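Each value in this text was obtained by applying a stated rule to the coordinates, not by laboratory testing. Small disclaimer: the values here were computed from a predicted structure and weren't measured. Note that each Cβ is placed from the backbone with ideal geometry, even for glycine, and that neighbours are counted across all protein chains shown.
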């Protein structure tokens with residue numbers, strides 16, 4: 001039987017909170033239950049937000065929790081060539097285009113279209129789908145904007161991509177690793193023309209995560225329920241790039257008093273604050289509902 005490989009992949013743009021603790025501990029627990037391998041990945045591809053001080057803080061909090069990953073730890077910022085290679089492949093397949101619209105221009109284009117048609121569609125997170133006028137632009141027009149130094153993003157032409165692969169699914173397993181699993185239809189089209197990279201970012205989360213999981217041999221992705229629907233995009237990219245598909249488990253979220261999921265701005269819920277107040281790793285397990 002093949003060894004199961006799990007990973008915890010935080011972004012170093014703030015201190016870990018109880019939601020991160022739940023995800024890290026679930027990955028560690030499932031690794032032990034299957035005699036698998038446990039990886040830590042630092043998702044620092046966004047250089048405008050990632051901070052080395054938070055990397056050190058993340059590793060310190062995880063060590064305190066008893067989370068013991070294999071070494072070395074993969075940092076996305078050290079592997080930009082991997083993402084460029086994947087992006088180049090998608091571009092050579094004719095599935096990407098360069099987009100330039102600012103947020104204001106997007107709103108204006110959507111408002112103009114909505115006045116004479118049905119309400120503009122939104123993605124599963126509630127954001128309006130990108131209108132994509134650049135899909136019809138000629139090479140000269142795109143080259144002129146790039147030469148002028150305009151900010152840009154590289155997007156996936158979702159219609160072409162979905163037509164190329166047809167129906168896709170993924171396997172979602174529950175809290176019991178070897179129990180029943182569900183087959184989930186991957187509706188990537190619901191996300192529209194997602195961003196794959198940008199002028200200042202070598203790869204978006206969607207592109208980087210599928211490349212990383214494949215290169216690290218991840219077999220089981222255990223992450224929060226807030227990423228459940230985004231898995232459809234990941235299945236599409238995995239198929240387009242001939243990458244393996246892990247099994248997925250999207251766990252419950254830890255929410256604050258307002259009912260919303262915790263964010264790094266919730267400093268009162270940061271593990272560092274709880275540690276300073278005298279909490280133990282056992283206390284953290286209890287607070288996230290994992291028992292002792």
*Among 222, 183, which comes first, then next, by fewest other beta-carbon atoms within 10 Å?*
183, 222
*In the chain, what % of DSSP beta bridges are antiparallel (nearest 5)?*
55
*asked:* Quick check on segment 47-130: take the gyration tensor over C-alpha atoms, sort the square-rooted eigenvalues as a ≥ b ≥ c, and tell me if it's rounded (a/c under 1.5), prolate or oblate.
replied: prolate
*Take the Cα pairs of the chain, get the Kirkwood Rh, then feed it into Stokes-Einstein at 20 °C and 1.002 mPa s and tell me D in µm²/s.*
104
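Calculate the FRET efficiency for residue 85 and residue 53 from the Cβ-Cβ distance with a Förster distance of 22 Å, rounded to the nearest 0.05.
0.10
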*Specify the inter-centroid distance of segment 152-174 and segment 1-69, based on alpha-carbon positions, in whole Å.*
27
*In vacuo Debye scattering of segment 46-188, one point per C-alpha: log10 I(q)/I(0) at q = 0.10, 0.14, 0.15 Å⁻¹?*
-0.63, -1.08, -1.16
*Please list the equivalent ellipsoid semi-axes of segment 91-167, computed as the square roots of five times the alpha-carbon gyration tensor eigenvalues, in descending order and whole angstrom.*
22, 19, 11
*Give the calculated FRET efficiency between residue 163 and residue 286 to the nearest 0.05, with a Förster radius of 41 Å applied to their Cβ-Cβ distance.*
0.25
